[in-house]
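First the structure, then my questions, so here it is.
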Amino acid sequence: MIEELKRSLLFARLTEAQLERVARHAQHLRLKESEALFEQGDRATRFYLMLSGQMKLYRLSPAGNEKVIEIVVAGHTFAEALMFLERPAYPVGAQALQPVELISLDARDFLSMLSESVSTCFVLMADMSKRLRRLIGEIDDLTLHSATCRVAGYLLGQMSDSPNFSLKVPKQVLASRLSVKPETFSRIIK
């Protein structure tokens with residue numbers, strides 16, 4: 001588990017003693033496709049490191065409509081900022097889009113470790129600052145760009161040297177993530 005933790009930016013600069021401490025309080029989890037990890041409003045005592053697969057983070061409106069907030073992929077962490085709240089609750093639900101392997105980390109113990117190490121705090125702050133900048137960029141995209149521009153931007157971000165590629169996320173989930181209706185998404189793709 002320590003080797004898996006070291007591959008993540010958040011844990012890469014921890015000392016061996018810190019990594020051992022984190023690993024002692026961590027658990028490997030596997031989820032099947034469509035299996036929920038937690039629901040919006042559940043008490044948040046853990047945060048997560050994705051090892052493989054894809055997880056959607058989503059919110060439900062009072063009318064039951066789903067909005068995909070983020071698609072988490074291997075190497076990324078999620079829900080770590082909640083450890084700083086007095087009574088943390090997950091503001092989103094998390095559901096596997098495909099079979100997922102992840103590490104579940106004890107938020108309270110990690111927070112205790114942060115209070116003992118200023119350098120570890122700075123690593124976490126840098127990671128959360130990068131995420132904040134990305135989210136501000138997404139707000140700009142949603143408010144300043146058309147649906148066509150958002151879809152085109154996503155497709156350009158997925159391009160490789162090959163002129164062909166397939167969507168790695170179900171079309172309906174991707175449409176929600178880009179704040180586009182599925183029908184509009186299909187029309188833009190065509």
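List, please: which pairs have Cβ atoms under 8 Å, are six or more places apart or on different chains, and start with a residue in the stretch 146-172 that is within 24 Å of Pro99 (Cα to Cα) and free of Cβ contacts under 8 Å to residues at least 24 places away in the same chain and end with one that is open to solvent by 100 Å² or more (accessible area, probe 1.4 Å) and not polar (S, T, N, Q)?
So the pair list comes out as Gln158/Lys168.
Scan the stretch 115-123 and tell me whether some residue there is exposed (fewer than 13 other Cβ atoms within 10 Å of the Cβ) and within 24 Å of Gly41 (Cα to Cα).
Checked against the condition, which is being exposed (fewer than 13 other Cβ atoms within 10 Å of the Cβ) and within 24 Å of Gly41 (Cα to Cα), the stretch 115-123 yields no hits at all.
Go through the stretch 65-90 and count every residue that is exposed (fewer than 14 other Cβ atoms within 10 Å of the Cβ) and closer than 19 Å to Ala36 by Cβ.
Total satisfying the criteria: 3.
Is there a residue in the stretch 160-175 that is within 24 Å of Ser8 (Cα to Cα) and exposed (fewer than 13 other Cβ atoms within 10 Å of the Cβ)? Talk me through it step by step, then tell me what you get.
At the first step, the residues of the stretch 160-175 found to be within 24 Å of Ser8 (Cα to Cα) are 160, 168-169.
Then drop every residue that is not exposed (fewer than 13 other Cβ atoms within 10 Å of the Cβ), which leaves 160, 168.
Within the stretch 160-175 (the criterion being within 24 Å of Ser8 (Cα to Cα) and exposed (fewer than 13 other Cβ atoms within 10 Å of the Cβ)), the answer is yes, since at least one residue qualifies.
While we're looking at this one, here's another question. Quick one: would you say Glu80 is in contact with a Phe, Trp or Tyr (Cβ under 6 Å, 6 or more places away or on another chain), charged (D, E, K, R) and modelled with pLDDT under 90?
Values: in contact with a Phe, Trp or Tyr (Cβ under 6 Å, 6 or more places away or on another chain): yes; charged (D, E, K, R): yes; modelled with pLDDT under 90: yes.
When the stated conditions are applied, Glu80 passes them.
The values are calculated or read from the model by the stated rules, or taken from the named source; none is laboratory data. Since the structure is predicted, the reported quantities are computational estimates derived from the model, not experimental observations. Virtual Cβ from ideal backbone geometry, glycine too; neighbours counted across all protein chains shown. The accessibility values were calculated without ligands, DNA or RNA, using every heavy atom of the protein model including side chains. Shrake-Rupley method; radii C 1.70, N 1.55, O 1.52, S 1.80 Å.
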